[in-house]
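What follows is a short report on a single structure.
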Amino acid sequence: MQHRRRKPITGGRLLNYALVVGLAGLYVFPLLYLLNTALKQPAEFIRDPSGLTPGFALQNFVDAWQKGGFGGLILNSVVYAFVCAGASTALSLLIAFPVARGYVRGSKVIAVLFVLSLFLPNVIITQFQLILQLGLYNSRIGYMLLLTSGLGIGPLLIISYLRSLPKELDEAAAMDGCGYFRYLWTFVVPLCKPVLTTVFILQTIAVWNDIIGATIYLSSPQLKTISQGLFAFHGQNGNNEWALLAAATLIVAAPLILVYLIFQRFFVSGALSGSLK
């Protein structure tokens, strides 16, 4: 049995490892600092804000959950996130497929317009007036319609991914009498599962973290999102409860971290395929 010879560790490889570790540290350090703050007693944070916590004040998470009212807000955010992310992902696929295959006139121009739309400013005033005139202000339907219409980079990722699939599949399905929507559901969706998962996760993150739109369009306490619960930790004259605020921030971010860990394989492969193919 032959043993594979290990490649010698050169200076270039050491430099690459150092860069990877350094970049990972830049992303992990803020999260660790936030966790360190969340585990401190309020008095300990005031005494030494940047020092390591001497204990584990897990009661901060219980107090933050109760003060932020997250028990009643998390269900709203789950509904908003999954409904809007699912609808926008399906809409992105329906838009991207004919553009990627060239089944509509001016497909290249439409793809360029998708890119340009990413650089346009957010027309909050126009959207607010539209929602107000339609009678959808302070309603779940109006808020979810706005979030669903913000497709972002989703169509571009799907277009790039679809261009890597052979067009002969479309022709074979058409010859066998497969309908358009049946073909999309039966063949395209399974083949595009990585990039669709990526788009779904990106849309979920955008909806879950949305605080400006929720503050503008939702005024009833029964409709508010989990991100708006963070306002409960803002005191007068900048006197914030930083330990509880850090714990509350981790509570808000925990579901997104869990979703990413579960679908990490699809997210990475879909993002790379959609951006490079």
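What follows draws every value from the coordinates through simple rules; no lab data is involved. Source: prediction; values computed, not measured. Glycine gets a Cβ as well: all are built from the backbone with ideal geometry, and neighbour counts include every protein chain shown.
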Qualifying aspartates and glutamates (Cα of each under 16 Å from Cα of Lys40; at least 8 residues distant if same chain): Asp48, Asp63, Glu241
Most fluctuating residue given options Val188, Val21, Val104, as computed from a GNM of the chain linking Cα atoms under 10 Å: Val21
Estimated 222 nm signal from helices in the chain, with DSSP H stretches of n ≥ 4 weighted -39500 (n - 2.57), rounded to 500: -21000 deg cm²/dmol
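If each residue's Cβ is checked for other Cβ atoms within 10 Å, how do Lys193, Lys40, Lys67 rank with the fewest at the top?
Lys193, Lys67, Lys40
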Charge context of Ile226, other residues only, Cβ under 14 angstrom, K/R +1, D/E -1: +1
Shape category assigned to the stretch 101-183 from the gyration tensor of Cα positions, a/c cut at 1.5: prolate
Hull-based mean projected area of the chain, where the convex hull spans the alpha carbons, in square nanometres: 23.6 nm²
Highest-MSF residue in the chain out of Ile251, Ile46, Ile153 [GNM, Cα springs under 10 Å]: Ile46
Degrees between helix 59-68 axis and first principal axis of the chain (Cα, 0 to 90, nearest 10): 70 degrees
Acute angle (nearest 10 degrees) that the helix 242-262 long axis makes with the longest principal axis of the chain, alpha-carbon atoms: 30 degrees
For the stretch 200-212, Karplus couplings with θ = phi - 60° (6.51, -1.76, 1.60), whole Hz, Gly/Pro x: 4, 5, 4, 5, 4, 4, 5, 6, 4, 8, 5, 10, 5
